[in-house]
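K.L.:
Before I ask anything, let me first share the structure, which is written out below as structure tokens.
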């Protein structure tokens, strides 16, 4: 299967090549800038020291910024399961969107259609498991919100890209905001760490703050209607359901 992309190379990558077997993850990002042209300039400017392998424009066009076998600088300080940082084992895909700072909006149908094609192509080429298709906020919950709660994870999972839970909406909404006790809360976080979220609390960060950030990252991904950083019965239910897919 051939994939049509536009070459717009970035100088921001490690000069040493990696093997295709080292590629284990695909990480989705949004550009988080007011203008698409600004985002492209930043990702291809040697001074910015950031890049990704691909960028999907508003019109659905796919730019290749860094060839797959080179390590692009997209994930930053990050971890998932036993992997950290994730740049060396991942392919980064940026999607044009102003992000939470500049009027976060829904991703266009053309963008998602291209993302689906690109993700399927990469998953097949590098044998990437659906459970290893992640968002930037999954691997860096303290620093990042992208691709955010408007990103169509459920739709993508129906097309075999990324995982989603199998719970009915009615069952979820009746458990929303219902309190959980301390033991249930511990169980919830144990589930999140089993799924892959990092259990290592940074030295300079308060434990409660860190757990709230991880909860928000989980909600942005799997409970998008309410991102409040508070654990409840709905979150617990989703975490239990997901464990099957992630182990």
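The values are calculated or read from the model by the stated rules, or taken from the named source; none is laboratory data. From a predicted model like this one, the values you see are computed outputs, not experimental measurements. So basically every Cβ, Gly included, is an ideal-geometry build from the backbone, and we count neighbours across all protein chains shown.
K.L.:
In the range 7-19, what residues are within 20 Å of residue 62 (Cβ to Cβ) and surrounded by 11 or more Cβ atoms within 10 Å (Cβ to Cβ)? Even if it seems obvious, please write down each step before you answer.
P.N.:
In the first step, residues of the range 7-19 are kept if they are within 20 Å of residue 62 (Cβ to Cβ); the result is 7-13.
Those that are within 20 Å of residue 62 (Cβ to Cβ) and surrounded by 11 or more Cβ atoms within 10 Å (Cβ to Cβ): 8, 9, 10, 11, 12, 13.
K.L.:
What residue, among those in the range 26-54 that are farther than 19 Å from residue 162 by Cβ and in contact with a strand residue (DSSP E or B) (Cβ under 6 Å, 6 or more places away or on another chain), is surrounded by the most Cβ atoms within 10 Å (Cβ to Cβ)? Write out each step before concluding.
P.N.:
Kept after step one, since they are farther than 19 Å from residue 162 by Cβ, are these residues of the range 26-54: 31-51.
In the following step, the residues that additionally are in contact with a strand residue (DSSP E or B) (Cβ under 6 Å, 6 or more places away or on another chain) were identified as 31, 51.
On the way: 31: 24, 51: 26.
Ranking the candidates gives 51 first.
K.L.:
Here are some residues: 204, 208. Which one is part of a helix (DSSP H, G or I), without any contact (Cβ under 8 Å) to a residue 12 or more places away in the chain and not assigned by TED's automatic domain parsing to the domain that holds residue 100?
P.N.:
Being part of a helix (DSSP H, G or I), without any contact (Cβ under 8 Å) to a residue 12 or more places away in the chain and not assigned by TED's automatic domain parsing to the domain that holds residue 100 holds for just one of 204, 208, which is 208.
K.L.:
Hey, does the range 193-200 have a residue that's farther than 28 Å from residue 78 by Cβ and out of contact with any strand residue (DSSP E or B) (no Cβ under 8 Å at 6 or more places or on another chain)? Please lay out each step first, then the result.
P.N.:
We begin by selecting, within the range 193-200, every residue farther than 28 Å from residue 78 by Cβ; these are none.
Among the residues of the range 193-200, not one is farther than 28 Å from residue 78 by Cβ and out of contact with any strand residue (DSSP E or B) (no Cβ under 8 Å at 6 or more places or on another chain), which makes the answer no.
K.L.:
Got at least one residue in the range 94-112 being closer than 30 Å to residue 193 by Cβ, within 18 Å of the chain's Cα centre (by Cα), in contact (Cβ under 8 Å) with a residue 60 or more places away in the chain and not in a loop (DSSP other than H, G, I, E, B)?
P.N.:
Within the range 94-112, one or more residues are closer than 30 Å to residue 193 by Cβ, within 18 Å of the chain's Cα centre (by Cα), in contact (Cβ under 8 Å) with a residue 60 or more places away in the chain and not in a loop (DSSP other than H, G, I, E, B).
K.L.:
Given the range 124-189, what helices (runs of 4 or more DSSP H) lie entirely inside it while holding 2 or more residues that are surrounded by 19 or more Cβ atoms within 10 Å (Cβ to Cβ) and modelled with pLDDT of 95 or more? Explain how you work it out, then say what you get.
P.N.:
Details: elements: 136-139, 153-158, 169-173.
Filter on the range 124-189 gives 136-139, 153-158.
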